[in-house]
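Got a structure here, written out as structure tokens. Questions coming.
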Amino acid sequence: MDFLKKLFKNLFSSKNKGVYDETDITTIENPVANMQPQAPVKPFEGLAPVGKEHEVFNEQPLTSPVDKAPKPEAAPDTHEPAPVVNEVPAHEAPIAQGDFEKLLSEQAQLAKNYDQLAAQLEGDSRELLLDVVQKTIDSMLLSGCQPIADEPAYDMSRHRPEPFVLAAPGTPIKRTVRQGVEWQGKVYIPAVVEL
């Protein structure tokens, strides 16, 4: 115990000379050395009673003459609705020609792959893939490509017969099963035709 007493004494007295002395340190033998008695604490008595200065002066509710006046009817809204603003920003620079051709080639290759896969399937799976191919064709046409449809004579670079038959160019086409896609004279997806 003496060791701790000396340690604390040295710590405090070396930094703050003259502030602490031995009589300031409370020990187990003398636990209440240098303690001052506290004033007695009053028990809690609740809220203070309300005096006459806090009473209501009259029994009427607090209202103003403005509150009692009749309120006018709201006028009907005569404003015109704001025009609808297109949220999609307009492209300032169109897609470069080479990039657009690459996009069309990729879409055409995707449609060709789905067509080949659909030929191996049956039922709903086949219909789903053919719908995807049709949506691809629709997106290409919406991008500005020209449709290949309703042509009178067969051309092997522009048409694909279904069911497949070897046909001579110029053979009359009975009907177009699915339209094809071309852009600037280049055929990306040939039209499916019945001969």
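Kindly list the residues of the range 175-191 that lie in the label zone of ASP155, defined by a backbone N under 14 Å from the point 7 Å along the Cα-to-C-beta vector.
Label zone hits: 180-191.
If the chain between SER125 and GLN184 were fully stretched, how many nm would it gain, using 0.36 nm times the residue separation less the Cα-Cα distance?
This chain segment gains 17.9 nm when fully extended.
Over the range 128-177, what relative contact order in percent results from Cα pairs under 8 Å that are six or more residues apart?
Computed value for the range 128-177: 35 percent relative contact order.
Still on this structure, please answer the following. Under a plain spin-label model, where a point goes 7 Å from the Cα along Cα-to-Cβ, how far apart in nm are GLN146 and LYS174?
Using points 7 Å along Cα→Cβ, the separation is 2.8 nm.
Read-outs throughout are calculated quantities, based only on the coordinates presented, and are distinct from any laboratory measurement. All of these numbers come straight from a predicted model, not from anything done at the bench. When we count neighbours, we look across all protein chains shown, and the Cβ atoms used for this are built from the backbone with ideal geometry, even at glycine.
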